[in-house]
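This report concerns only the one structure given below.
Laboratory data are not the source of any read-out in this text; all were calculated from the coordinates shown. Quick caveat, the model's predicted, so the values are computed rather than measured. Because the Cβ atoms are built from the backbone with ideal geometry, glycine has one as well, and the counts that use them run over all protein chains shown.
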Amino acid sequence: MRKNDLSVFKMEHNGVKITLKRGNEFQPVIQSTPVSVPVAPPAPAAAPAATSGEPAAASGEKLREITSPMVGTFYGSATPEAQPYVKAGQVVQEDTVVCIVEAMKVMNEIKAECRGTIVDMVAENGKPVQFGQVLFRVQPN
């Protein structure tokens with residue numbers, strides 16, 4: 001890793017995932033599980049209610065977010081001429097590659113890690129993304 005100036009190396013083979021990191025940089029990985037909180041039903045309103053700006057699934061189920069696992073540059077396709085990995089309305093599985101995040105000249109394939117339908121592509125092609133930044137929103141199937 002030192003020879004090739006790599007700080008992170010990820011490999012998956014036969015269901016085994018290995019992640020190697022070097023250096024003093026510590027970047028915590030935060031995972032959260034949605035918690036169900038009972039809420040009283042809203043009172044009838046005479047005027048339409050304002051929305052929070054967060055998209056909701058048609059079934060009322062909250063959308064899942066695919067976030068960037070690292071700081072880098074977002075690419076929606078393998079090359080500028082290639083078709084995008086995914087489009088809005090496309091069904092994805094946990095192992096579906098949805099994009100690439102380039103970090104330190106290393107192209108990192110990002111997988112959906114959930115099942116559902118792509119509803120929204122949030123990140124812009126060729127633009128920088130931050131750790132934890134939302135890349136896609138997915139309606140669970």
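Over 21 Å between C-alpha atoms is what I'm after, so list which of 21/111; 17/127; 87/111; 21/105 land there.
Table pairs above 21 Å Cα-Cα are 17/127.
Can you list, largest first and rounded to whole Å, the semi-axes you get for region 61-141 by taking the square root of 5 times each eigenvalue of its Cα gyration tensor? Don't skip to the answer; put the middle values down first.
Working: eigenvalues 78, 37, 22 Å².
So the equivalent ellipsoid measures 20, 14, 10 Å along its semi-axes.
If each of residue 83 and residue 3 carries a label point 7 Å out from its Cα toward its Cβ, how far apart are those two points in nm?
Inter-label distance under the simple model: 3.9 nm.
When the label point is put 7 Å from the Cα of residue 71 along its Cα-to-beta-carbon vector, which residues of region 110-131 have a backbone N closer than 13 Å?
So the set is 128-131.
Could you grab the relative contact order for region 70-140? Cα pairs under 8 Å, six or more apart, rounded to a whole percent.
Once normalised by length, the contact order is 36 percent.
Simple spin-label model, 7 Å along Cα-to-Cβ: residue 131 to residue 104 in nm?
1.3
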